[in-house]
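Accompanying notes for the structure given below.
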Amino acid sequence: PPDGDSDEAEFLKRFVDTMAIVGTQHLRLAGEAHHCTLFLEQFLQFTRHPLLQVAGATIPCWIVLLRDQHLQLEKSSTGTTTGSSPLGSDLKLPEGSHQALMEVVGTRLTTLG
């Protein structure tokens, strides 16, 4: 992995920041659910990146996506279908995304404390 202070690490962080913006605000515009799934699977790989500044940059997007998934589940249980979401109505988060996010948060807490 790149050194945390290297140009490569800075590029990766900026790239992940851009992906996070796309994921939180524009993912539903990607069209087919297959494209969104591919995006989220790649984003999940950045969540598992060994550099904390790269992995940590994914957290704000995951918060929005998890909140959105929770709202979708509430809407489906109550039968309401109003509103739009970054994920779209039929897209699911990739397998392992919850676990990867908890690992990043745990690592972050460990390094802070």
So, of the residues in the stretch 18-33 that are open to solvent by 50 Å² or more (accessible area, probe 1.4 Å) and under 24 Å from residue 50 (Cβ atoms), which turns out to be modelled with the lowest pLDDT? 22
What residue, among those in the stretch 50-71 that are open to solvent by less than 40 Å² (accessible area, probe 1.4 Å) and not in a helix (DSSP H, G or I), is nearest to residue 6 (Cα to Cα)? 51
Could you give me the residue pairs with C-beta distances under 6 Å whose first residue belongs to the stretch 16-35 and is part of a helix (DSSP H, G or I), whose second residue is modelled with pLDDT of 95 or more and surrounded by 12 or more Cβ atoms within 10 Å (Cβ to Cβ) wherever it lies, and which are 6+ apart or on separate chains? none
Please verify whether the stretch 76-92 includes one or more residues that are part of a loop (DSSP other than H, G, I, E, B), among the basic types (Lys, Arg) and at pLDDT below 85. yes
Determine, yes or no, whether residue 15 is within 20 Å of residue 97 (Cβ to Cβ), at pLDDT 90 or above and over 12 Å from the mean Cα position of the chain (by Cα). yes
The residue from 30, 20 that alone is within 21 Å of residue 98 (Cα to Cα) and small (Gly, Ala, Ser) is 20
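The values are calculated or read from the model by the stated rules, or taken from the named source; none is laboratory data. Only a predicted model underlies this, so the values are computations on that prediction, with no experimental measurement involved. Cβ atoms come from the backbone with ideal geometry, glycine included; neighbour counts cover every protein chain shown. Remember, those area values only see protein heavy atoms, side chains included, never the ligands or the DNA or RNA. Shrake-Rupley method; radii C 1.70, N 1.55, O 1.52, S 1.80 Å.
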